[in-house]
Amino acid sequence: MIEYALLFALACYGAALLMNIYRIVIAPGVGDRILALDTLVINAIALLTLFGIHQSTTMYFEAALIIAMTGFVSTVSYTRFMLRGDIIE
């Protein structure tokens, strides 16, 4: 039963990832693109975690942590660049 739940969750998060990519490409403003990019990172973390559970290995959890840190820094940097014009003061 857990296999079916994992496959369903993987399919749902995969569909959400595709919708995020669509929103990044077709977005009316820069703020919408930043939010879609941040949501894309969160969905990628969820996909990696679910795939790690499916494969019964901890390697994907470490990769998810690295992507989480990189995604947070990139979201903050991109937002700061859009608001101020520079990243480092």
Filter result (among the small types (G, A, S) and closer than 17 Å to R33 by Cβ) within segment 54-84
G71, S74, S77
The residue from D86, D38, D32 that alone is in a loop (DSSP other than H, G, I, E, B) and either in contact (Cβ under 8 Å) with a residue 24 or more places away in the chain or not aliphatic (A, V, I, L, M) (or both) is D86
Criterion first (among the hydroxyl-bearing types (S, T, Y) and at pLDDT 90 or above) does Y78 satisfy it?
no
Verdict on F72 being hydrophobic (A, V, I, L, M, F, W, C), within 22 Å of C12 (Cβ to Cβ) and either within 15 Å of the chain's Cα centre (by Cα) or crowded, with 17+ Cβ neighbours inside 10 Å (or both)
no
Counting only residues that are touching a Leu at 6+ places or on another chain (Cβ under 8 Å) and more than 27 Å from F81 (Cα to Cα), segment 9-57 contains a total of 9
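Each row is one residue, and each column tells you yes or no for (1) surrounded by fewer than 14 Cβ atoms within 10 Å (Cβ to Cβ); (2) at negative phi; (3) within 14 Å of the chain's Cα centre (by Cα).
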{"site": "E3", "(1), (2), (3)": "yes, yes, no"}
{"site": "P28", "(1), (2), (3)": "yes, yes, no"}
{"site": "D38", "(1), (2), (3)": "no, yes, yes"}
{"site": "I45", "(1), (2), (3)": "no, yes, yes"}
{"site": "T49", "(1), (2), (3)": "no, yes, yes"}
{"site": "G52", "(1), (2), (3)": "no, yes, no"}
{"site": "L65", "(1), (2), (3)": "yes, yes, yes"}
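The values are calculated or read from the model by the stated rules, or taken from the named source; none is laboratory data. These figures come from a predicted structure and were not determined experimentally. Counting neighbours? That spans all protein chains shown, and the Cβs are built from the backbone with ideal geometry, glycine included.
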